[in-house]
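The values are calculated or read from the model by the stated rules, or taken from the named source; none is laboratory data. Computed from a prediction, not measured in an experiment: that's the story for all the values here. So basically every Cβ, Gly included, is an ideal-geometry build from the backbone, and we count neighbours across all protein chains shown.
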Amino acid sequence: MQTELVELAVAIVVIALILVVLRRASARSRARAPASIRDRLGVEAPTEARPRRQRQRPRPGEPEAPPPRAEPIAAAPAPAEPAPQVDREARDAYAAGLAKTRGGFVARLGKLFGKKKIDAQTLDELEEVLFTADIGPRAADRIFQAVKAGLSRDELDDPATIWNRIRKTSRDILAVDAPALDLSSKKPFVLLVLGVNGVGKTTTIGKLAQQWRLDGKKVLLAAGDTYRAAATEQLEVWAERADVPIVRGKPNGDPSSVVFDAIKKGVDEGFDIVICDTAGRLHSNTGLMDELKKLRRVAGKAMPGSPHETWMVLDATTGQNAISQAKTFKADMEISGIVLTKLDGSAKGGVVLGICDELKVPVRFVGVGEKIGDLRPFDPAAFVEALYADAGAAEN
Ligand SMILES: Nc1nc2c(ncn2[C@@H]2O[C@H](COP(=O)(O)OP(=O)(O)OP(=O)(O)O)[C@@H](O)[C@H]2O)c(=O)[nH]1
Ligand SMILES: [Mg+2]
């Protein structure tokens, strides 16, 4: 009797196990069924396969795994966000300056998503376009991963969704967390402008001087580039155009003494802003870096706490070189802002993405031409709209 009971219990367990296995197999086959069959069966589409967990530690003898490439990205597609308010005037001003950049990597993206069928190969091509786009490898990877992670299979057919993903990630990259520029917080507000030669420091200072004077500020320039006689003359021309006074030094004199005199004058005569020009030499020249550090120390002696901002000017036409220049300077020097010049002459305007992503320093202004009015405060939302302005047209 006892034996029969045991046999009965074993039989029940075996039947229960067979039922469980059959149910699982049936669920799997329904999930794999094409959409039309799923519809008929009333089954929801399977969610994206969970990515396989990467092995954390190398096996003995294996090289260390490289660090993860991308910033963490939300795996789920972003809900349809309301498009940010965009300053149309700023967008149009950037759009003209970004024409060459749009003709470059943005046009290549447009061709990619304009194809009839968007499939896994499109993702491979997307990766290639982004990584050769002069936007820096980290920014390229962030955009790539965002598109990849956010797109379910069905969405791959929808270029508008892809462009929205690219726009949103670009805006996120450009949104560097930094306090807004407040020129009224100090009197005078002392700004030191530096960068390698030819990037557009002196031109930018002339443009800034005019903008701020027109805003009602009392602006003074300091001709801190004493290495070349022509440098002071050039700044004098800009001072005249902008209608602001200038403090000059002797040719080959000490740039620190010019900066000291200018800040003192700024304090004594009630100026609102003192902008200091500096010499540009190759960033590998350690003499220059020492000189710039000395300039900062001397400025602090003329007015404790100054310079209040130190901006690095970068030339957009140099693409990723601009990123490495900024990194070199930032390693040695406190940089609180970036001015990116020559966007108008460059197909590499996307470099601003790499600069923001890698340096986490805010871009304050962008130069979009050689004339005195060709300098725009940087507005990330308007910039992104201008950069991808042809995206809609490219879909056709
Ligand atoms: N197209 C264009 N050209 C610019 C822009 N900004 C500056 N430039 C040009 O870049 C060249 C160099 O500008 P500068 O202002 O002399 O550069 P710098 O950094 O002061 O140069 P150094 O004093 O030699 O170190 C000039 O011919 C400017 O007209 C811009 O936004 N767009
Ligand atoms: Mg200069």
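Quick look at the numbers
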| read-out | value |
| --- | --- |
| Residues located in segment 326-349, provided they are touching a residue at least 40 places away in the same chain (Cβ under 8 Å) and part of a helix (DSSP H, G or I) | Thr328, Phe329, Asp332, Leu343, Asp344, Gly345 |
| Options Ala93, Ala139: the member that is in a helix (DSSP H, G or I), at pLDDT 90 or above and of a type outside the set (S, T, N, Q) | Ala139 |
| Selection within segment 259-289 - modelled with pLDDT under 95, away from ligand 1 (no atom under 14 Å from the Cβ) and touching a Gly at 6+ places or on another chain (Cβ under 9 Å) | none |
| Residue in segment 196-231 that is nearest to Thr317 (Cα to Cα), counting only those that are more than 9 Å from ligand 2 (Cβ to nearest atom), touching a residue at least 60 places away in the same chain (Cβ under 8 Å) and touching a Lys or Arg at 6+ places or on another chain (Cβ under 8 Å) | Val196 |
| So Glu358, is it outside any helix (DSSP H, G or I), surrounded by fewer than 20 Cβ atoms within 10 Å (Cβ to Cβ) and away from ligand 2 (no atom under 16 Å from the Cβ) | no |
| Number of the condition not met by Ser170 [criteria: (1) away from ligand 2 (no atom under 16 Å from the Cβ); (2) of a type in the set (Ser, Thr, Tyr); (3) outside any helix (DSSP H, G or I)] | (3) |
| Residues being over 19 Å from Asn164 (Cα atoms) and assigned to a helix (DSSP H, G or I) - total across segment 126-136 | 2 |
| Single condition Leu183 does not satisfy, out of (1) more than 17 Å from Arg376 (Cβ to Cβ); (2) away from ligand 2 (no atom under 13 Å from the Cβ) | (1) |
| Count of residues meeting criterion [within 15 Å of ligand 1 (Cβ to nearest atom) and out of contact with any strand residue (DSSP E or B) (no Cβ under 6 Å at 6 or more places or on another chain)] in segment 241-251 | 5 |
| Test: residue in segment 160-175 that is surrounded by fewer than 24 Cβ atoms within 10 Å (Cβ to Cβ), more than 20 Å from the chain's Cα centre (by Cα) and more than 22 Å from Cys276 (Cβ to Cβ) | yes |
| Residue ID - nearest to Gly287 (Cα to Cα), chosen from residues in segment 324-359 that are out of contact with any strand residue (DSSP E or B) (no Cβ under 8 Å at 6 or more places or on another chain) and among the aliphatic types (A, V, I, L, M) | Ala331 |
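Yes or no, residue by residue, for (1) within 16 Å of ligand 1 (Cβ to nearest atom); (2) surrounded by 19 or more Cβ atoms within 10 Å (Cβ to Cβ):
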site	(1), (2)
Asp119	no, no
Glu125	no, no
Ile135	no, yes
Val193	yes, yes
Asn197	yes, no
Lys201	yes, yes
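Rundown of residues vs (1) touching a Phe, Trp or Tyr at 6+ places or on another chain (Cβ under 6 Å); (2) within 16 Å of ligand 1 (Cβ to nearest atom), yes/no style:
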site: Ala347; (1), (2): no, yes
site: Cys356; (1), (2): no, no
site: Val366; (1), (2): yes, yes
site: Lys371; (1), (2): no, yes
